[in-house]
Structures are given as C-alpha cells and as structure tokens.
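J.: Pasting a structure below so you can have a look.
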Amino acid sequence: MKRDKILAGFVVIAGLSCHTPNMAFTAADKSDGAIVKPLYITEQVANDADDPAVWINRNDPSKSLIIGTDKDMDGSLYVFDLKGKIIHDKTVKGLKRPNNVDIEYGLSLNGKLVDIAVTTERYTHKLRVFSLPDMKPIDNGGLEMFVGDVQPEYRDLMGIALYRDRAGKIFAFVGRKAGPAEGYLGQYLLEDDGKGNVKASLVRKFGSFSGRKEIESIAVDDALGFVYYSDERVGVKQYYADADKGNEQLAIFGTSGFAADHEGISIYQLTDSTGYILVSDQGANRFRIFSREGNKANPYDHRLLKTVNVSARQSDGSEVVSVPLGIDFPKGLFVVMSDERTFHLYRWEDIAGNELFSIQ
C-alpha cells in the first residue's frame, strides 16, 4: 500500500514505510519447508486479532507504533510498541467489530497536517478515523459508507486501504462482506469538513467479484497508482487507483497454489518501480511473494518468486516496513496477524532469506 511522499528521508507506503536498499533477487518459487520465527509476538488482544498497520515515528523510528484490530462487537484498536507491548493509554476501546485498519500521513485539518489511522467498523457501517500518534477521534462519530445499498451485508465493512495521489488528495478504498459482481469496492475522498473533522465523499464504486466468498484485503501502490485486492479463493486483482483512469481490471494473479483464502496483501518497495507483493495463503500459514513489476511485454505480469512459511497461524492481515526501525529491525519489519489473538513481528531479512535477496 504505497504512497510516494518523502518523510524524514524515507518513502512512506500506505500503512508501511520504506527506503530503497541495495538488493538483488534470485528467483525461488518454492518454500524449503523451514518455518520463519518472529522476533517478538505481541501481547494478546481481548477477542480476535485481525489486521495490523504501522505508524512511523519520523523523529525516532525505533518508537514507531503498531495498530491492530480486535474484531469483536466490543472491539478495539490496540496500539503496541515494537516489542509487542500494549500501550494502554493509546488503545481505543468500544468499537463495533473493527475489521481492518490503515494509516496515512498529512491530512490537512484546520490548516494543520495530521497523520491518521482509519478502521472499518463493520456493524455500524462506518469508517472511524483517529489522529496519530494520540489516537483521538476526528470523525464526528464516524463516516457512513455505501449509503443507499440495502442488500444483506452490502454495508458490512471489511477491508480498508488509504491512497495519497500525486496532487496530495487522500482516498479510502473500502471493502464489504458482500457486494455485486461489479462495483464491489467503494473509493471515498477524505477531507476536512470545515470544522477540523474528517468527511468522506463517494468517488466511485468499482471492482469485479467472483461471488465465491468475499473481498477483504486491499492494498494500494501510491507511486505506481495501482490498487490490489484479494478476491478470496480466486486470486489477486489489480486496478488503477485513480478513478479518472477508468475501471478496467488490469491483472489477476495468484490464481493457483493457494491452499484456501487469498488474504493480507502488503507491498515492499525496492525502487520507485520495483519490489515485491506479499499475499497471505491463509489456510497454509504461509506468504507467497510476487514481483511488484512486470516486464516489457506485460507490465502487469506479477511472477511468483518465493513462498515463505511463517509461525503465525491463519493470517488475515499483514503489513511491511522497509526503513530501519532501531536495532531490532535494521532492514525493516513484517507484521502478521495470528489466530491466537496476537500479531507476529518478523525481521525483514528473515522473511527475505538468502535465496531471494542478497542484502548488502
């Protein structure tokens, strides 16, 4: 989920941040059977962990924050430090089944630039928006989504990904529990309501749906202007993030080799145009890594490069950061939800491995 905004010497990616280290890959499209272990596992949430995001502290990256959803009718947005300890005074309680969460930097409110965390509140049909790093609500009670849709579960919110376009406008891509065969996702413009709170305006509905299960995981590549989402049990689909470029489906990949649902998507940037797309193979406790870039013949050909087994179980959501985050994560951080009510924190170099990257 990527945006091309330079902050304190690094590029921020929607829900993640990254720089461009000197790396070269050697293709390897099979797991060797080894299970990668996390450096830390967070303290448990109360009910049901689902999706993480990462806020980068530009003054001191080692003090960055992990925000994770606790998906329950009496749910929460938990805030953790980089050792997985809960920061209780920042954690938001009393949310109605918050499903996914994402972050963005520099939304203009009352003439000030505010970093935000946005979560989907499934059973109120609202987006909830909080300022970072204090986690104070700035949404005047929540932003109604898919107003006017009356079919069962068409307003039950699931996935969220934020996008900052080249003009600096910030958008939310929103998924739901059920939807039509065309126009499943909503794209909303987020902006100041004139009183220092956030308002949302519908830009378009787009995106095809197979009807086989649902669409939850969404990721945005800001620099290249693409949005990706997992049509569970079918594959990962790619569209333009800018509405004025149209609603054409550009690609579908990852259509084979998955044990069950296609889930969490995160994007690792090497350069402005190269990198990796990590997709959770939920039923197999592994991530499949595809090329971010295509080739001259097909710019949307995302090749499978590697499969990584992780100790996290039944992972829905994930996020990746490629800037150094202190001594524990010198090459970056990969955060993965696990079904024992936790999030696993992996060193990027452990995920990459020698067979995929040569890290210098």
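J.: May I ask you to list the aspartates and glutamates whose Cα is less than 18 Å away from that of K296, ignoring any residue fewer than eight positions away on the same chain?
T.: Within reach: D272.
J.: Going by amide H atoms built from the backbone, whose H comes under 5 Å of the H on G106, apart from near neighbours?
T.: V114, D115, I116
J.: Right, here's the next one. Less than 12 Å apart at the alpha-carbon level, and either on another chain or at least 8 residues along: which aspartates and glutamates does that give for K306?
T.: Within reach: D29, D32, E355.
J.: Further question: Can you quote the Å³ per residue value for the convex hull of the Cα atoms in the range 228-360, rounded to an integer?
T.: 130
J.: Sticking with this structure for a sec: For the range 5-359, what D do you get in µm² per second when you plug the Kirkwood radius from alpha-carbon pairs into Stokes-Einstein at 20 °C and 1.002 mPa s? Please list the in-between numbers first.
T.: Numbers: Rh = 19.8 Å.
In µm²/s, the coefficient is 108.
J.: Continuing with the same structure: How large is the helix-only mean residue ellipticity at 222 nm for the chain, computed as the sum of -39500 (n - 2.57) over DSSP H runs with n ≥ 4, divided by its residue count, in deg cm²/dmol to the nearest 500? Don't skip to the answer; put the middle values down first.
T.: Numbers: 1 runs with 9 residues, N = 360.
The per-residue figure over the chain is -500 deg cm²/dmol.
J.: Got the relative contact order for the range 5-359 handy, in percent, Cα pairs under 8 Å and 6 or more residues apart?
T.: Working: 1027 pairs, mean separation 64.7, N = 355.
This gives 18 percent for the range 5-359.
J.: Only counting other Cβ atoms within 10 Å, I'd like S315, S273, S266, S131 sorted with the fewest neighbours first.
T.: Working: S315 25, S273 13, S266 29, S131 18.
Sorted ascending by nearby Cβ count, the order is S273, S131, S315, S266.
J.: In the structure shown, do any of K237/K331; K63/K199; K213/K237; K96/K213; K71/K199; K37/K63 have a Cα-Cα gap over 26 Å, and if so which?
T.: Numbers: K237/K331 29 Å; K63/K199 30 Å; K213/K237 15 Å; K96/K213 22 Å; K71/K199 24 Å; K37/K63 22 Å.
In this structure, K237/K331; K63/K199 lie more than 26 Å apart at Cα.
J.: At most 10 other Cβ atoms within 10 Å and a DSSP loop assignment: could you name the chymotrypsin sites (Phe, Trp or Tyr not before Pro) in the range 79-133 that fit?
T.: Loop-located and lightly packed - none at all.
FYI, it's all coordinate maths here, none of it is from the lab. Quick caveat, the model's predicted, so the values are computed rather than measured. FYI the Cβ positions are ideal-geometry reconstructions off the backbone, even for glycines, and counts take in every protein chain you see.
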